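Novice: Dropping the structure in here first, questions after.
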Amino acid sequence: MTKSNIDESVRTELKRLRDSIDNIDAAVIHMLAERFKCTQQVGHLKAEHKLPPADPDREARQIARLRQLAENARLDPAFAEKLLNFVVAEVIRHHERIADASEHATGPAPAPGCGAAGGADSAGT
């Protein structure tokens, strides 16, 4: 079936659904950006106090919490765990870079803002 053979009502519904998907994708990107602002602050705090970039206990608690949230939302918990692991790996890379930079810097590290959407449970590690 070619695009020109699709019924107009189907095309309209596809557009409506895809527009919603596009809006959700934009919200996800903005939420991830806000999350990374918060985890950057965590990274600076860890570097300042010579704490390790990773926190395996915190990560395990986050995985359990997000798996439960995923189940409640009828999302595959394994997918949620994979997504969190991907995000946390990036956070740890950021924390390692911050720690390396703070070893070579003089003066306090910059602290990017973290809005109210962050909160204690949103920091990566």
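Novice: Go through the range 23-71 and give me each residue that's open to solvent by 90 Å² or more (accessible area, probe 1.4 Å), closer than 20 Å to E96 by Cβ and of a type in the set (A, V, I, L, M).
Specialist: Answer for the range 23-71, where residues must be open to solvent by 90 Å² or more (accessible area, probe 1.4 Å), closer than 20 Å to E96 by Cβ and of a type in the set (A, V, I, L, M): L45, L51.
Novice: Another question, if that's okay. Could you tell me how many of the residues in the range 72-82 are free of Cβ contacts under 8 Å to residues at least 12 places away in the same chain and either of a type in the set (K, R) or surrounded by 16 or more Cβ atoms within 10 Å (Cβ to Cβ) (or both)?
Specialist: The number of residues fulfilling the criteria is 3.
Novice: Among the residues of the range 27-39, are any part of a loop (DSSP other than H, G, I, E, B) and of a type in the set (D, E, K, R)? Before the answer, list the steps.
Specialist: As a first pass, look at the range 27-39 and keep what is part of a loop (DSSP other than H, G, I, E, B): none.
Within the range 27-39 (the criterion being part of a loop (DSSP other than H, G, I, E, B) and of a type in the set (D, E, K, R)), the answer is no, since none of the residues qualifies.
The values are calculated or read from the model by the stated rules, or taken from the named source; none is laboratory data. The structure displayed is predicted, hence computed values, not measured ones. Reconstructed Cβ throughout: ideal geometry from the backbone, glycine too, with neighbour counts over all protein chains shown. Please note that ligands, DNA and RNA were not included when accessible areas were found on the heavy atoms of the full protein model with its side chains. Shrake-Rupley method; radii C 1.70, N 1.55, O 1.52, S 1.80 Å.
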